[in-house]
Amino acid sequence: MTRVLLCLAAIAAVSPALGADPNTPTVTLTPEAATVAIAGQKLSAALADGKLTLETPARPYHLTVSILHGDGWATPERCTRQPRPRRSRDAAQVSITYPVAGEREFVVELAAYRGVPALFVTSRLVHRKHAAGDYYYWSTDATSERYAFPGEGGPREATVDLAQWTTLPHHDWLFLPGDQGGLAVLPTNMAGRAPGAEGSFYLHALPRSTLVGPGDALRASFGLAGVESAAAAAKVSAQARRRRVPALALVSREAAKPDYGPPAPDWVRNAGVYNLYYRPAAQWTDDVVQERLRHLPFIVGSTPDKAALERCHRARVRLLHYVIYTCLLDTAMQVREGGTVYSEWLESIDHERRDLKDHPDWVCIGPDGKVQKDAWGQSHGHPGLLNTCLHQPGLQEAALRQVRLLMEMGFDGVFVDLAGPTVECYGPKFGKHTHPDPTKTNTEAYAELLARIYQTVKRYGRDRVVMQNTCTGVLPGQWRWCDMQMLEAFPFGSESGEMTATWPELQWAGLRHAEAVKHGKLPVLLPYLSKVPEARVREASLFSFAYAHLYGFLWADAFTLHDRPEARAFAMELYRVRLGKPKGAPRTSGTTLYRAFENGLALLNPSKQPVTVQVPAGRAPLADVGYGRALTPSGGTLTLELAPESGRVLLRKP
Ligand SMILES: [Zn+2]
């Protein structure tokens, strides 16, 4: 009842002027839908379920959203709040909020702008309470077997393979031809087409999927217009981009602005590169430290060996220590069920105090009342690796005790693995143990421990640091309690040599975390370079290295490049690169991005074509890292050829 009254009240407030100029954007509300219109086209969102209808002169198009929920899909439920229309002389907008299962909200904003004959959709899947991974997509009822996209001399056309799922390359616009004219799509991320003659086109969010923190959102935004031809699609895209339509920006102005806390110490902010070396104490020899570790400002290791730490410190290399608390070993169960107690556990300082065999009350209890075994451990031969109940004061004390012992040994910080959301514990429901604050989730109890870890580390000096790894992304809400957050397997994973993120997603990450970098916090990249084909490994390594430097992130490779004999010399050259502080923001030249630093330049060609670029580069010769040569600028400008999807690093010679 209340809902109907609210919607009726809204109709009176924004009824459109009759006989208005068709180029004036309008917004209307009825009890069933919110609609924006311009230039003879209308886009409506149903208040019952968030379905969109685009009415064009040729035909209507329908769009529906599918939101991942457990093993299935959820759709928006009837909106419970009055839609919010906004109208000015040059723009008409309306925002509709729908509840979605899983304590989420789906916000759809429709917009139209004078001078741009297209309609725009910005959708945001907002997490109200909890951080969780999320994924959704919009599907259309456009089913064409061909599509057009921008090419160098004008629109180009391609056909889709009807036998399989097709991911379309990212472009500023796509044209999906129909019987008359067709649909212009202005996407911010990747689009694709389902298989079969009737397979429909769909649009992904940007990024396609990610970990979404409380108050933050996963956004999918795009423009739509019925147009006569591919050339008309190109024109409307140019008009929208000139108008700087917010729906086509990669990062939303509404993105959560968390409390960043104090900046990381300067030695981290100036590091540029770091690395990971997870080896037992016996492999931290003088030779290893001298041959490779000493060229890096800091290392993350997993051995609490005093001699290894001293060797690193003598070589002026700082050392962080690996810790993990969301899963621990029950050594008795591990042996009983056929596993072995591995060296990392046996070497780990104070491990006896964290052995779950003596602390059954610290074990996470699953929804079935049984011990919750760690999913990774189960598939990697560790049957005794169990998830933990982070509510338990004893477990929190044991964790903090390990951190204190490491700090007292002289480690420069800790690396907290699996710092993202953890599995829920149902211990109290089955009478297994109690939770001091039963209103908190296991993840919320863990957040308290993460805060205490940071406070404990900083008690030993502001120069000590905390790096977190959620494994799936950077959580802006967690910056308060760490100096660095890792982007693991980004943009190259350990499974294949293909990039794990698309260029729009890489740009999104760079822009999304720019605010954190400004506040002195560091996203740290960890691409794995072991599976990149030999012919591409130099370009791929330099791509990830230049990308990290362009956006102010740190770079590491877990020595995956060093472990490839053919790339070892190049790896050593890369580990030694110190570009220093940036001189200004990243700049563009055509599709190439570049940034000047105290000691050189980083360049990136994200396109799939080779490019020739001219950049200001001073007068002195520059070492072309990885190419074994020096380049001399002519008249202060350097002309360079960049391979497709490659980076370049140019170092001023000392
Ligand atoms: Zn519990």
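The values are calculated or read from the model by the stated rules, or taken from the named source; none is laboratory data. Values in this document were obtained by computation on a predicted structure and should not be read as measured data. Cβ atoms come from the backbone with ideal geometry, glycine included; neighbour counts cover every protein chain shown.
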Among the residues of the stretch 113-123, are any hydrophobic (A, V, I, L, M, F, W, C) and either over 22 Å from A232 (Cβ atoms) or at pLDDT below 95 (or both)? no
In the stretch 340-368, which residues are within 16 Å of the ligand (Cβ to nearest atom) and over 34 Å from the mean Cα position of the chain (by Cα)? H359, P360, D361
The condition from (1) buried (at least 20 other Cβ atoms within 10 Å of the Cβ); (2) closer than 19 Å to R648 by Cβ that L526 misses is numbered (2)
Filter the stretch 184-229 down to the residues that are small (G, A, S) and under 22 Å from W503 (Cβ atoms) and list them by number. A184, A191, G192, A205, S209, A217, A220, S221, G223
C471 versus (1) over 26 Å from the mean Cα position of the chain (by Cα); (2) closer than 22 Å to L522 by Cα: which is the lone unmet condition? (1)
Close pairs (8 angstrom Cβ cut-off, 6 or more residues apart or separate chains): closer than 16 Å to P367 by Cβ and in contact (Cβ under 8 Å) with a residue 12 or more places away in the chain in the stretch 429-454, away from the ligand (no atom under 14 Å from the Cβ) and not aliphatic (A, V, I, L, M) anywhere: T441/H130; T443/H130; T443/P421
Mind listing whichever residues of the stretch 244-255 are of a type in the set (G, A, S) and either buried (at least 18 other Cβ atoms within 10 Å of the Cβ) or touching a Lys or Arg at 6+ places or on another chain (Cβ under 9 Å) (or both)? A247, S252, A255
Selection count where residues are on the phi < 0 side of the Ramachandran plot and part of a strand (DSSP E or B), scope the stretch 573-625: 24
Might you check whether a residue that is among the β-branched types (V, I, T), touching a residue at least 40 places away in the same chain (Cβ under 8 Å) and either more than 16 Å from the ligand (Cβ to nearest atom) or in contact with a Lys or Arg (Cβ under 7 Å, 6 or more places away or on another chain) (or both) occurs anywhere in the stretch 517-529? yes
Which condition number does T470 fail, the rest of (1) crowded, with 16+ Cβ neighbours inside 10 Å; (2) within 16 Å of the ligand (Cβ to nearest atom) being met? (2)
With the stretch 201-313 as the region, which strands (runs of 3 or more DSSP E) entirely inside it contain at least 2 residues that are of a type in the set (V, I, T) and on the phi < 0 side of the Ramachandran plot? 201-212, 298-301
Residue count for the stretch 462-513, restricted to those that are closer than 23 Å to A191 by Cβ, aromatic (F, W, Y) and in contact with a strand residue (DSSP E or B) (Cβ under 8 Å, 6 or more places away or on another chain): 2
Residue selected from the stretch 435-458 under the condition basic (K, R) and closer than 28 Å to D412 by Cβ, by the criterion farthest from the ligand (Cβ to nearest atom): K458
When residues of the stretch 377-393 are filtered for being within 12 Å of the ligand (Cβ to nearest atom) and either without any contact (Cβ under 8 Å) to a residue 12 or more places away in the chain or more than 29 Å from the chain's Cα centre (by Cα) (or both), how many remain? 2
Out of the residues in the stretch 315-362 that are among the hydroxyl-bearing types (S, T, Y) and closer than 16 Å to W376 by Cα, state the one that is surrounded by the most Cβ atoms within 10 Å (Cβ to Cβ). Y325
Against the conditions (1) in contact (Cβ under 8 Å) with a residue 12 or more places away in the chain; (2) more than 24 Å from V300 (Cβ to Cβ); (3) touching a strand residue (DSSP E or B) at 6+ places or on another chain (Cβ under 9 Å); (4) away from the ligand (no atom under 16 Å from the Cβ), where does Q402 fall short? Just the number, please. (2)
Only residues that are over 20 Å from G394 (Cα atoms) and either within 16 Å of the ligand (Cβ to nearest atom) or in contact (Cβ under 8 Å) with a residue 60 or more places away in the chain (or both): list them for the stretch 322-339, please. Y322
What residue, among those in the stretch 416-434 that are touching a strand residue (DSSP E or B) at 6+ places or on another chain (Cβ under 7 Å) and of a type in the set (G, A, S), is nearest to the ligand (Cβ to nearest atom)? G427
Go through (1) closer than 30 Å to L63 by Cβ; (2) free of Cβ contacts under 8 Å to residues at least 24 places away in the same chain for E291 and report which single condition fails. (1)
Residues of the stretch 537-572 being part of a helix (DSSP H, G or I), in contact (Cβ under 8 Å) with a residue 60 or more places away in the chain and among the acidic types (D, E), which ones? E539
Consider L506 against the criteria (1) over 24 Å from D172 (Cα atoms); (2) hydrophobic (A, V, I, L, M, F, W, C); (3) assigned to a helix (DSSP H, G or I): it satisfies all of them except one. Which criterion is unmet? (1)
Would a scan of the stretch 612-621 turn up a residue that is buried (at least 22 other Cβ atoms within 10 Å of the Cβ) and over 30 Å from the mean Cα position of the chain (by Cα)? yes
